[in-house]
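Below you'll find the structure, written out as structure tokens, and then a few comments.
Read-outs throughout are calculated quantities, based only on the coordinates presented, and are distinct from any laboratory measurement. Values in this document were obtained by computation on a predicted structure and should not be read as measured data. Positions of Cβ are backbone-derived with ideal geometry, glycine not excepted, and every protein chain shown enters the neighbour counts.
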Amino acid sequence: MTSVPTLVALACGLGLAVSVQAAPPQSHADHASHHAATVSVPAQRWEPDASLREGMRRVHVAVDQLRHYEMGHMSAPMAVDRAAEVEDAVGFMFANCKLAAEPDAALHGILAPLLGAAQALQANPGNVKAVAAMREAIAHYPHYFNDPGWDQPAPAMHEMHDEP
């Protein structure tokens, strides 16, 4: 199985060779060409496809659960696991979302810092600030995308606290 960092590196290489077109849907294989781009918030939010909704739900749940880590109620291995879940969800979105160029560019402005923060937490579980960075990254999602279920609280998970 190819890791997300490998996919990101591959996408960066592909992104340099791919020109961005305004109308056709974009594959996330060419996402790197706009990950640093700033996209204005649209007057009417874009509709996410099913893959984007699913991937962002997975991210939302994992990031919400990481609040327990910030409060000292979750072990470092569990936090690393949640960061890996974020990374897996981002990989899922890169592989499956099909968006037009402008919403795709906006999404990459969200996913690039999200992925960086998830990888930072995995590399250094003591870096609790990475959780806030993940939360900050996904806070922009509802400004760009009309995702009706986004405001729903993530399901509560009772396995957040370490068992004796």
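Of the GluC sites (Glu not before Pro) found in the stretch 52-148, not one falls in a DSSP loop while having at most 14 other beta-carbon atoms within 10 Å.
Of Gln122, Met93, His140, which is farthest on the positive side of the dipole of the stretch 42-164, counting Cα position, with +1 on Lys and Arg Cβ, -1 on Asp and Glu Cβ, and the Cα centre as origin? Result: His140, furthest along the dipole toward the positive end.
Rounded to the nearest 20, the size of the Cβ-charge dipole of the stretch 48-155 about its Cα centre is 180 debye, with Lys and Arg at +1 and Asp and Glu at -1.
Principal axis extents of the C-alpha atoms in the stretch 48-155 (largest first, rounded to whole Å): 40, 26, 19.
For Ala132 and Ala50, compute 0.36 nm times the residue count separating them, minus their Cα-Cα distance, and round to one decimal in nm.
26.9 nm
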